[in-house]
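> Structure incoming, see below.
The values are calculated or read from the model by the stated rules, or taken from the named source; none is laboratory data. Remember, it's a predicted structure, so these values are computed and weren't measured experimentally. With ideal geometry, Cβ positions are generated from the backbone for all residues, glycine too; neighbour counts draw on all protein chains shown. Note: accessible area is taken over every heavy atom of the protein model, side chains too, but ligands, DNA and RNA are not part of it. Shrake-Rupley method; radii C 1.70, N 1.55, O 1.52, S 1.80 Å.
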Amino acid sequence: MKRTIFLVLISILMVMGLAACGGQALECTDAIGCVEIAPDDPILIASSLVISGPNTDLGLDSQYGVEIAIDFRGELLGHAIELQPEDDGCNAEGGQTSATKIVSNPQIIAMVGTSCSGAGVPAAKIISDNGYAMVSPSNTAPALTDPELHEAGYLRTAHNDKVQGRAMAEYAINELGVTKAAAIHDGDPYTEGLASVFSEAFQELGGEMVAFEAIDANADDVIAPLTTIAAAGPPEFLYYPVFIPLGSLITKQAQEVDGLDGVILAAADGVQSPSFLEAAGDAAEGMYVSGPDLGFGNETYDKFLAAYQEKYGTEPTAPFHAHAFDATNMILDAIEKVAQQADDGTLLIGRQDLRDALFATSGMTGITGTITCDQYGDCADPKIAVSQVQGADFVKIWP
Amino acid sequence: MSSQLDLRNTARVGLLAGVITLGVSAVGMLESFDKRDLIIGLLTLGQLLLFSAPFAAGFLVTRGEDKVDTGEAVVGGAVAGALTAVPLIALILLTLAAPNIRNSLVNVSPELISLLSLGASEIVGSLLLLVGMAVLGVAGAMFHVLPDAIRKPLISGLGWMLGFAILSEVSLNILRPILGRGLMRALFGTKGITPLLAAIIFVVAIGLTIWWSKGGQQRYEDRKAAMSEEQRKQSRRISIGVGIVSLLILPIILGTYLTEVVDNVGLFILMGLGLNIVVGFAGLLDLGYVAFFAIGAYVMGILTSQGDLGIAGMSFWLALPIAVGAAVLAGVTLGIPVLRMRGDYLAIVTLGFGEIIRVLATSDLLKPYIGGAQGILQIGKPTIFGFEMVKPIHFYYLILAGVGLAVFVASRLRDARLGRQWMALREDEDVAEAMGIHLVSTKLLAFGIGAAFSGLAGAIFSARLSSIFPHSFNLLISINVLSLIIVGGIGSLPGVVVGALVLVGLPELLREFAEYRMLLYGALLIAMMIARPEGLWPSPITKREFHAAEEEEALGGVQ
Amino acid sequence: MSQRFKDIDYIGVVLWLFRTAIVVVVLWGTISKLFLEQGNAYTTIDWIDFLIAGLSQGSLYALIALGYTLVYGVLFMINFAHGEFFMSGTMTATIFVALPLSSSGFLDANPILGMLIIIIVAMLVSVGVALLTERVAYRPLRRAPRLVPLITAIGASFFWQYFFRGLYGSTLIPFPELQVLVGKWTVFGIEILKTRAVVMVASVIMLIGLYIFIMRTKTGTAIRAVAEDKDIAALMGIDVDRTISITFATGAAMAGAAGILYGMVFRQVHFFMGFVPGIKAFTAAVLGGIGSIPGAALGGLFLGLIEAVGPPLFLEGLGIPGAHQLKDVIAFTMLVLVLIFRPQGIVGERLAEKKA
């Protein structure tokens, strides 16, 4: 009896399916397949960002960047744009699962993500093996765009740690004229990468690293490690490319340690956000932050910030919303470039074409600068700006 | 009691439903769920959440009476429904009085308010909400007035329809390769199902329920009763065969993504089976179980990595026993210092052990050997006769084999002498020792064997991801594994599977609610433990113990 | 029988080796640090700074650990959600009281009154959350096996964490800085940060207050009676449910107050702030001997101290890079060491024998 009902149901469905399949004109000639979007269907892109756990701030902020980019765009080639948000959990298994989920939906065109480099490694492999493309707004680990390790569908709008860590070392030696520095990382691949690159570059340029310390990211008291650093030198320059909670804690407690009162503080784009300034308060005054040139006063960014505040009721909570915004626009521009359009509005997007278009992105004006991709997927504007906190705002001072 | 409408209770239930809905709204769940369609164009998940509150309140207020008077049900339902709206209206009015409230409560957004006030202005909307919720409360209450013959099919129709809509992603993933694009579009949207599919499910479910209650159930039971012993045995054998075959073809049906989810669940089952030996059989509370998982993963990583950190370039199969062996060694090593510790002292020491392993994996100290924060990359994939295992479906069979082995070992051990010794140890250590049970070896064997399963899971995990980072090995894994064996039913092997499906599989399928997943997970843990403290699939012994306790209580005994 | 003695000897030898290894490493590190002057040269003032940092962190641990110990004393249950009680009160009081009071200038004008108001609000919210959790998640399971309430406690912990994240957002919220507490005091020639001094003094006062409450008042006696034996306490006319609620409330109030002290020292709060201190406080409670109030205090101080002093003293001398990263390794190794010597914790005795 059950089986009969089931059979009847299936045959009804099949008849309907046949009826729905009309004729179609566009033909897919792409080497790794195409996405076909029917006239009323939305253009579907996915995101895989960390939206649960302690790093939620980072990923949610990027996701908002993606959503605003989609809002700003409105429609693309007559189709609505829809986002399927996934969670990368900021770990390898989260990256793997979300990427697998994304590649199991043939309608998804590309992905914005991942947030964390650890999630990015397995995700890049799965996305690439299945012919998709991804643009990460905040992976900075050098390994991901290493010529030997790079996966064919992987791009990023975030800076490679190599560029940013080195830029800060150059600034410290050449512009500030310091010779003794200390660095702190928190065991995250991003911060450890930046701190290591900085320390290598600083020594190469003739400086002396008096301390290279590590603190657990969940630590709530950093007086002890700061005392150790003070006793080691004391350094003239303290570089801690960590995230906001630990960053603001170090900024505040550095004032309270003897021997560190005059030290120059510096961090990276992990803290470049209004919510850091609010949390760190006066202690952050005068510190240096490296990061993309967010073109403060840039019209798009002002519009973006207003939309952000309006839609989510808060100021940006992390620095990578701008990168996510640019990553989304890169994808949307590439889709616009390669999509073939039938008379009835059907779109056909070749996956290899899309990849080629993404890697060919050149001279695109984004919030984070002029975006040009190299063959290994590094798209960020290689110019790093150093800003100083002045009057509770980031003021660009170099170059 | 039965004829008097209990006003206090009505008010309490109504307000409680309202306060819960208020909480759900204030954390942003309502607004974010409103973006998820259940039935496209008709119902969103947010609306379901909002409207089910007064409905449930009305339902609960009139529950538990033999014969429900229609008039009373209407009044009770209306009052309860209207009271549900009161806290929400208070929130709406609060935003009028304090427009800056959003600076503190970030999710009280204009969208939420417009959702709550049903699109109208604040004052009109509040009234609309009040009336609407009262009506829904009445609807909930009227459920009891309906005759059984209508109520049951209606409930099953609604239940199946909504359940299907909520898990639409699962069916979408299964059906996508089978059905054509056009058909898919007729039945599914990008989020949720179309009204057509909803109607089909609703009708089919109602039909089946009516058929079942009108004679199907009777016939099924008659046939079952009429079977001879021989037939019964055969039918059991057939169902076991069907079970095995369906396990084997499962990933083909499920498609890539769901197979990936099942792989995840499988790894947790493997760990759960191991921890079940330590906690469930031997009664040693271990909160640092992730340590052995990490050790298995790192040993596999170092031995098979093609990158700079790889030291041997071994094949997966060669490295596997070494990884498991390392985990066993670690298990025994941890076991020795904690031999004399009991209960919660053991818990905190094992928790510490897990943290020590994680911190060491992250540390600069061991960075030259195991990669520190940058992890180990390019870990080798297993190969069989030159065939490289890369896809989720390949790992499915590997994990299935591992789980099969673990189930076999665990069930044999449970029924063997060692298993009985473990259980004696669990019940009372001193008595067990007095009975001549060798405490040292019994405990160390529990730690060692438990660690072996975890190490195996870790080794597979590492090969599956082909890159590992210390962040993956945090306390949450230990907590998750412990929760799943207790939710499943402590000491029960099928319970581990059920627990893993509910606590790992279900949250994975609800990934789209990421922001609220952990919140729901927490609520689910509490609800399940209160509803079934003995677990979802308890072992026969546990079940007996729980019943014994109940009987004792019924007899008036204390403790 | 003789077989068993042999085994115990064998295990004893292994344990002895284990202890000796830890002690040797610690001593070797200490000697090469202090006498051979490996690594950084610390002055006496540096060492005092480490001590003060450790003691102030430790007194926060102690205050939170009290909640664990009290609840454990009466219910033999690890209340995993205790860190969330700490967080909920602090977040709520910071957002709704501390920030408005600070921006209106009231806090700097009346620092003592202002802080009192903030602390009371934090305590009230923490107590409310604790009572709700007890009522919904723990009370129905009073007679279930002990692992079952452990799981609901874990569930409650997740629930509250993400509930408050949803409510207040996931951003870091600054705790206002009190002008009167900026800078240092000099006590007996030692410079000490004002906030840290206040935390230590306040913790000692609260600890003594709690001790008197438990030992001298009628309610405290009831709590002790329930901890001893619930059934007999009920026969003596004590309302067991109510007493258990009071125990939860007391622990949560301490946690709420500790939260504000935490906010004062670190000047930032967020939804995840309860998790790590919760685990640490649990460790401290076990270290001191779970169920004992002086034990919780001692355990907290010891843990805080070892975390601050351990890395520079034990590890740096051995030339280990990033020593402070390993503070948890030291803390938990010390825990194992202490428990090997004294399986019942530093001062715990009664409870370890009973049922722990």
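> Give the Rg/Rh ratio for the protein assembly as shown, taking Rg as the radius of gyration of the Cα atoms and Rh as the Kirkwood radius, to two decimals.
Result: Rg/Rh = 0.95.
> With a probe of 1.4 Å, find how much accessible area the protein assembly as shown has per residue, and write the answer as a whole number in Å².
39
> Between C:L17 and C:Q179, with labels modelled 7 Å along Cα→Cβ, what's the label distance in nm to one decimal, could you check?
6.5
> Here's another thing I want to ask about it. Let me see the P(r) profile for the range C:72-218: every Cα-Cα distance counted, bins of 10 Å, each bin given as a percent of all pairs.
With a bin width of 10 Å, the distribution comes to 10, 29, 32, 22, 7, 1.
> Now a separate question. Taking the Cα centre as origin and putting +1 on Lys and Arg beta-carbons and -1 on Asp and Glu beta-carbons, what dipole magnitude results for the range A:115-257, to the nearest 20 debye?
So the magnitude is around 280 debye.
> With a 1.4 Å probe, how much accessible area is buried between chains C and B, both sides summed, in Å² to the nearest hundred?
Summed over both sides, the interface buries about 5300 Å².
> A further question on this structure: Could you give the angle, 0 to 90 degrees to the nearest 10, between helix A:117-129's Cα long axis and the longest principal axis of the Cα atoms of chain A?
30
> Ignoring ligands, DNA and RNA, how much accessible area is buried between chains A and C, both sides summed, with a 1.4 Å probe, to the nearest 100 Å²?
Between A and C, the summed buried area is about 3000 Å².
> Rank B:V299, B:V245 by accessible area, highest first, at a 1.4 Å probe radius?
B:V245, B:V299
> A follow-up question, please. Say the dipole of the range C:9-354 comes from +1 at the beta carbon of Lys and Arg and -1 at that of Asp and Glu; which of C:L132, C:S56, C:I112 then lies farthest toward its positive end?
Result: C:L132, furthest along the dipole toward the positive end.
> Another question, then. Considering only protein heavy atoms and a probe of 1.4 Å, how much of the accessible area of the range C:9-354 is carbon and sulfur, as a whole percent?
70
> Just C:K327, C:K230, C:K218 to compare: in a GNM of chain C, with alpha carbon springs under 10 Å, which one fluctuates most?
The residue with the greatest mean-square fluctuation here is C:K218.
> While we're on this one: Based on the Cβ-Cβ distance of A:E27 and B:V170, what FRET efficiency does E = 1/(1 + (r/R0)^6) give at R0 = 35 Å, to the nearest 0.05?
So the FRET efficiency works out to roughly 0.60.
> Then there's this: Once you put a point 7 Å from the Cα of A:A152 and another 7 Å from the Cα of B:L118, both along the Cβ direction, what distance in nm separates them?
5.6
> Next up: Determine the calculated [θ] at 222 nm for chain B from helices alone, applying -39500 (n - 2.57) to every DSSP H run no shorter than 4 residues and normalising by the residue count; nearest 500 deg cm²/dmol.
-23500 deg cm²/dmol
> Give the long-range amide H neighbours of A:C34: residues separated by 5 or more places, or on another chain, with amide H under 5 Å away, using H modelled in the peptide plane at 1.01 Å from N.
Under 5 Å from the amide H of A:C34 lie the amide H atoms of A:R351, each far enough along the sequence or on another chain.
> For an R0 of 45 angstrom, estimate the FRET efficiency from the Cβ-Cβ distance between B:I311 and B:I249 and round to the nearest 0.05.
Between B:I311 and B:I249 the formula returns 0.70.
> If the cut-off is a Cα-Cα distance under 27 Å, which lysines reach C:K218, setting aside same-chain residues fewer than 8 apart in sequence?
C:K230, C:K354, C:K355
> Can I ask one more? Using protein chains only (no ligands, no nucleic acids) and a 1.4 Å probe, work out which residues of the range B:492-522 have their accessible area cut by at least 50 Å² relative to the chain alone.
Output list: B:R511, B:A514, B:E515, B:M518, B:L519.
> Which one of C:S56, C:S203, C:S104 has the biggest mean-square fluctuation once chain C is modelled by GNM with Cα springs under 10 Å?
C:S104
> Moving on to the next point. Please give the average number of partner chain Cβ atoms lying within 10 Å of the Cβ of each residue in B:481-490, rounded to a whole number.
If you average over the peptide's residues, the count of other-chain Cβ atoms is 3.
> A further question on this structure: In 10 Å bins starting at zero, report the fraction of Cα pairs in chain C per bin as a rounded %.
Bin by bin from 0 Å, the calculated values are 5, 22, 30, 24, 14, 4, 1, 0.
> Which lysines have a Cα less than 18 Å from the Cα of B:K214, not counting those fewer than 8 places away in the same chain?
Result set, ordered by chain and number: A:K2, B:K152, B:K224.
> Cβ under 10 Å from A:I384's Cβ, A:I384 left aside: what net charge do those residues give with Lys, Arg +1 and Asp, Glu -1?
The answer is -2.
> How big is the B/A interface in buried accessible area, both sides summed, 1.4 Å probe, to the nearest 100 Å²?
Answer for the B-A pair: about 4300 Å² buried.
> For peptide C:206-215, how many partner chain Cβ atoms fall within 10 Å of a residue's Cβ, on average?
0
> With a 1.4 Å probe and every protein chain kept in, tell me what percent of the accessible surface of the range B:246-551 is carbon plus sulfur.
Taking all protein chains in place, the range B:246-551 shows 68 percent carbon and sulfur surface.
> So, one more: For a quick check, take a GNM of chain C with Cα springs below 10 Å and name the residue from C:F275, C:F50, C:F188 with the largest mean-square fluctuation.
Maximum among the listed residues: C:F188.
> Here's something else I'd like to know. Arrange the peptides B:262-275, A:357-370, C:294-307 so that the one whose residues have, on average, the most other Cβ atoms within 10 Å appears first.
For the peptides B:262-275, A:357-370, C:294-307, the packing ranking is B:262-275, C:294-307, A:357-370.
> In addition: Using only the Cα atoms, what convex hull volume per residue in Å³ does the range B:409-460 have?
Taking the convex hull of the Cα positions in the range B:409-460, it is 69 Å³ per residue.
> Net charge near B:A297, counting Lys/Arg +1 and Asp/Glu -1 over other residues with Cβ under 13 Å of its Cβ?
Taking every Cβ under 13 Å from that of B:A297, the sum is +1.
> Then there is this: Working from Cα positions, state the angle (0 to 90°, nearest 10) between the long axis of helix B:122-145 and the longest principal axis of chain B.
On a 0 to 90 degree scale, this one is about 80.
> Sticking with this structure for a sec: What part of the accessible area of the range A:57-124, given as a whole %, is carbon or sulfur when the probe is 1.4 angstrom?
51
> How far apart, in nm, are the 7 Å Cα→Cβ label points at A:S362 and A:I264?
A separation of 3.7 nm, rounded to one decimal place.
> Moving on. What residues of the range A:302-324 lie in the reach of a label at B:N103, counting those whose backbone N is under 17 Å from a point 7 Å from the Cα along Cα→Cβ?
Residues A:309-310, A:312-316 qualify, since their backbone N sits under 17 Å from the label point.
> Please work out whether the range B:1-145 counts as rounded, prolate or oblate from its C-alpha gyration tensor, where a ≥ b ≥ c are the square roots of the eigenvalues and a/c under 1.5 means rounded, while otherwise a/b larger than b/c means prolate and anything else oblate?
Since a/c reaches 1.5 and a/b is larger than b/c, the shape of the range B:1-145 is classed as prolate.
> Hey, another quick one. Could you report the accessible area of B:R219 in Å², rounded to 10, computed with a 1.4 Å probe on the protein chains as they sit in the structure?
Probe radius 1.4 Å; accessible area of B:R219 about 150 Å².
> Please report the Cα spread of chain B along all three principal axes, rounded to whole Å, starting with the longest.
Projected onto its principal axes, the Cα set of chain B covers 74, 57, 52 Å.
> Could I ask something else about it? So for the protein assembly as shown, taking the charge dipole from beta-carbon charges (+1 Lys/Arg, -1 Asp/Glu), which of B:I486, A:I384, B:I322 sits furthest toward the positive end?
So the residue we want is B:I486.
> Let me ask another. Angle check, please: helix B:316-335 long axis (alpha carbons) against the longest principal axis of chain B (alpha carbons), in degrees 0 to 90, nearest 10.
Helix B:316-335 and the main axis of chain B meet at about 80 degrees.
> I've got another one for you. For a label point 7 Å from the Cα of B:E427 along Cα→C-beta, name the residues of the range B:482-507 whose backbone N is under 17 Å from it.
Only B:491-492 pass the distance filter.
> Where does the Debye-calculated log10 I(q)/I(0) of the range B:389-431 sit at q = 0.14, 0.29, 0.31 Å⁻¹, using only Cα point scatterers of equal weight, no solvent?
-0.50, -0.90, -0.94
> Please state the charge dipole magnitude for chain C, taken about the Cα centre, from unit charges on C-beta atoms (+1 on K and R, -1 on D and E), reported in debye and rounded to the nearest 20.
My answer is approximately 780 debye.
> Mind scanning B:K443/B:K543; A:K252/C:K184; A:K125/B:K391; C:K33/C:K184; A:K252/A:K311 and naming the pairs with a C-alpha gap bigger than 20 Å?
B:K443/B:K543; C:K33/C:K184; A:K252/A:K311
> Please give the net charge around A:I32, taking every other residue with its beta carbon less than 14 angstrom from that of A:I32, where Lys and Arg add +1 and Asp and Glu add -1.
Net charge around A:I32: -3.
> For chain A, count the residues as N, evaluate 2.2 N^0.38 Å, and divide the Cα radius of gyration by that value, please.
After normalising by residue count via 2.2 N^0.38 Å, the value is 1.09.
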